[in-house]
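Take a look at the structure below.
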Amino acid sequence: MALGPILLSQGLLTEEQLDAARAESARSGERLEQAAARLGFASAEQAMRALAAELDLPFVRLDEAEIDEEAVRLVPPRMVFRLRALPIRREGGALLVATSDPLRLDGFEQIRVAAGLPVRLAVAEDHDLGSQIRARFGVAGDVLEALGAGAPSASELRAEAADSDDAGSASEASVVRLVNDLLFEAIRERATDIHIEPYERELAVRYRIDGVMTDAGVPPAIHRFRNAITSRLKIMANLNIAEKRRPQDGRITLRHKGQEYDLRLSVIPMLYGEGIVLRILAKSAVLAGLDELGMPARILEPWCSLVSRPHGIVLVTGPTGSGKSTTLYASLRRIVSGEVKAITVEDPVEYHVPGVNQIQVNHQVGLDFASGLRAILRHDPDIIMIGEIRDAETANAAVQASLTGHLVLSTLHTNDAAGAATRLLDMGVEPFLVASTLEGVLAQRLLRRVCRQCSVTRPPHAGELPDGFTAGPDGLVAEAVGCRDCRNSGFRGRIGCYELLELDDASRAELMRRASSTALAKAAQAAGRLATLREAAAALVAARVTTPAEAVASVKTA
């Protein structure tokens, strides 16, 4: 019996919802219950419980079940991965096996033969099942077993490190699948970056999830295939696989479950091999609007007014990975129309924006931010976006562009909004030019959201809330606990925390006197023209979106 009619008969889905879920499943390649859950119709667990009830089988939550590791070892890892079925324990002379597809009878016959025991089935949610399998065998554990990766000896490690892989070994089916498993697992876990780090006796693979580095959980034997992994990624990014002495940068386009991803690849030679970092960019992220970024109304309204001005400079500041580019792209989407022409100069072009002319910086031919900016002024733009103001030449070019009637959007690496104005002064831009062209600065951070599934509320501890911070209206704050949905971190997803500085006459007067960023901030705050990061972080704590510790950590970096 198929899952769809079961969900229909038990009232979990209507006919229309089932059709929509089937269409989404066909488009994305997801299982039916996962597609239904993503569309908000019924959770995957509800669907699997309904399937278990229909087949008169027990339902298990594997994160709560007692799993006998001896029972797990009765079945080869390749069979566990291929059949997506995990032995749990011996029970009444039989082997209890968890599966999300109990109708696959031929597979369970294979398990019976391999284990030498009768098989009894239990139904588990597919994501839960995958997490438990990867926790025991590692990401791509079945591929490594297929490649014959046992525990390598020291001599094998030295020989492997000395070998140079060619395109042939990197294109072997098992290596291709190994690399794909690493990439797809990162996407499933919502990682923004993949770090592949070679050491003398291991290859570390880590994901950055919600801004925090997390071990990917790969088997130690992956070390033996580090050269093949590197060569495969270079081939995917059209890089020179023979060049191992110089840094290389490239780009990979990947499609997973109906969605396209851009992977920016950076390869750097290190002591024990080549280190690799991949930045994962979902192409759909550029479709986010400003109102979807978590900006409160007191920030959103004046910011929309700033980016709608006909000329001047508007800046976004913050550390690497704080969402500056996403904010600029969302701002562009809001103001670009058929009546204006927008051109960007970026290094690299992270997202493709419809209706915007985008230029990729190319240092090899002398096309940098400053030269690109000078060139595009002859293309009659209304709006110019510069990926980053890094030097005096780019800063002065941006000022001149704004003086000639263009709106210039760009980013700077400063800790707060007021620091952006003084940074321009430090770059050598004359005070009167900064004062006359700079319209506003948005500083931002990304704070981790508490997981909605496991977070709890409690009264704040003594001294936990610094000055200016308050608990919610009921006197409680959020506490991160940890569950399977958030990888036991207590957090899932991130939200923007914003500080907006709007320049007025008093602020411009401070700039003319080359005042410090502190003096500039005080003048703007006194005039009600500065909404600070501290205030924004305090509001998120009071709304129980994040924890006091997470908010305080973000304020300390400002």
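The values are calculated or read from the model by the stated rules, or taken from the named source; none is laboratory data. It should be emphasised that the depicted structure is a prediction, and the values quoted were computed from it without experimental measurement. Quick reminder, even Gly has a Cβ in these numbers, built from the backbone with ideal geometry, and neighbours come from all protein chains shown. All accessible areas refer to the heavy atoms of the entire protein, side chains included, with ligands and DNA or RNA removed. Shrake-Rupley method; radii C 1.70, N 1.55, O 1.52, S 1.80 Å.
For residues that are in contact (Cβ under 8 Å) with a residue 12 or more places away in the chain and out of contact with any strand residue (DSSP E or B) (no Cβ under 6 Å at 6 or more places or on another chain), scanning just the range 527-539, find the one that is surrounded by the fewest Cβ atoms within 10 Å (Cβ to Cβ).
Only one residue tops the list, namely Ala527.
In the range 347-362, what residues are in contact with a Pro (Cβ under 9 Å, 6 or more places away or on another chain) and open to solvent by less than 50 Å² (accessible area, probe 1.4 Å)?
Residue satisfying the conditions is Val361 alone.
Scan the range 317-352 residue by residue and report those that are aliphatic (A, V, I, L, M) and under 17 Å from Glu292 (Cα atoms).
Matches in the range 317-352: Leu328, Ala330, Leu332, Ile335.
Give the range 261-288 a look and list any residue that's of a type in the set (Gly, Ala, Ser), modelled with pLDDT of 90 or more and either open to solvent by 30 Å² or more (accessible area, probe 1.4 Å) or not in a strand (DSSP E or B) (or both), or say none.
Result: Ser266, single match.
For the range 232-260, name all the residues that are of a type in the set (Gly, Ala, Ser) and either surrounded by fewer than 18 Cβ atoms within 10 Å (Cβ to Cβ) or assigned to a strand (DSSP E or B) (or both).
Ala242, Gly250, Gly258
Could you tell me whether Ala36 is loosely packed, with under 15 Cβ neighbours inside 10 Å and in a helix (DSSP H, G or I)?
no
Does Asp56 fit the bill of being at positive phi and either surrounded by fewer than 18 Cβ atoms within 10 Å (Cβ to Cβ) or within 30 Å of the chain's Cα centre (by Cα) (or both)?
So Asp56 passes the test.
Name the one entry in Ala162, Ala115, Ala135, Ala122 that is modelled with pLDDT under 65 and small (Gly, Ala, Ser).
It is Ala162.
Would it be correct to say that Asp291 is in contact (Cβ under 8 Å) with a residue 12 or more places away in the chain and open to solvent by 50 Å² or more (accessible area, probe 1.4 Å)?
no
Only residues that are closer than 30 Å to Leu290 by Cα, open to solvent by 40 Å² or more (accessible area, probe 1.4 Å) and under 30 Å from the mean Cα position of the chain (by Cα): list them for the range 477-505, please.
Selection gives Glu479, Asp485, Arg487, Ser489, Arg492, Arg494.
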